[in-house]
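So the structure is just underneath, and the comments pick up after that.
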Amino acid sequence: MKYAEKLYRQLVRLGWNQQKLSRTSGVSDSEVSRILAGKSNPGLENAFRLSNAVGLSLDFMANETLTEDPRLETTGLTESQRELLTLANAMGLRQVTQLMDIVQHLGYEMSLRRLIDARPTIEVLGADPSASTKASGTLTASAGVRRSGS
């Protein structure tokens, strides 16, 4: 599998577009476009920046015979560990890092309790909470609404 194909697959996994990759990696949007279209092969510096930005090793990206990144090897893991790794990959590095920081700060037991007891909430922004009314299970107000939870 070629570099461009591996890069594109990882973009899809992360839910990124070319512009997000360009901003994150520091590689120009036009160069990212040429690489993804297969019209250009990245130089070493850009290949490193792009690989790093999407969280894959340069060894994996440059080696056309590899179909999986050796850093993400899952042999020897239990089923629950594999499932956790899959969820972490789907969430993305930034969100997983934030979650791990919270777990470290609160402790495992408290974090687990909060996760299990979590309820979706709706917070009305810029409005007096006492002025909001409940209508068919939802808060209504003329201000913006931010959803959080779960």
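Quick notes
- Each residue in region 70-85 was checked for being open to solvent by 90 Å² or more (accessible area, probe 1.4 Å), under 16 Å from GLN10 (Cα atoms) and at pLDDT 75 or above, and 0 pass.
- Unmet requirement for ASN52, which otherwise passes all of (1) modelled with pLDDT of 85 or more; (2) more than 26 Å from GLY15 (Cβ to Cβ): (2)
- Residue in region 119-140 that is of a type outside the set (Lys, Arg), at pLDDT 65 or above and either loosely packed, with under 12 Cβ neighbours inside 10 Å or out of contact with any helix residue (DSSP H, G or I) (no Cβ under 7 Å at 6 or more places or on another chain) (or both) present: no
- Number of residues in region 2-57 that are farther than 25 Å from VAL96 by Cβ, touching a residue at least 24 places away in the same chain (Cβ under 8 Å) and surrounded by fewer than 15 Cβ atoms within 10 Å (Cβ to Cβ): the value is 4.
- Residues that are under 20 Å from the mean Cα position of the chain (by Cα), hydroxyl-bearing (Ser, Thr, Tyr) and closer than 19 Å to ALA90 by Cα, drawn from region 12-71: THR24, SER51, SER57
- Taken over region 10-24, the criterion of being farther than 16 Å from ASN52 by Cβ, outside any loop (DSSP other than H, G, I, E, B) and either of a type in the set (A, V, I, L, M, F, W, C) or at pLDDT below 90 (or both) is satisfied by VAL12 alone.
The values are calculated or read from the model by the stated rules, or taken from the named source; none is laboratory data. If you're wondering where the values come from, they're calculated on a predicted model, not measured in any experiment. Cβ coordinates were reconstructed from backbone atoms using ideal geometry, including for glycine residues, and neighbour counts include every protein chain displayed. Ligands, DNA and RNA are excluded from the accessible area calculation, which covers all protein heavy atoms including side chains. Shrake-Rupley method; radii C 1.70, N 1.55, O 1.52, S 1.80 Å.
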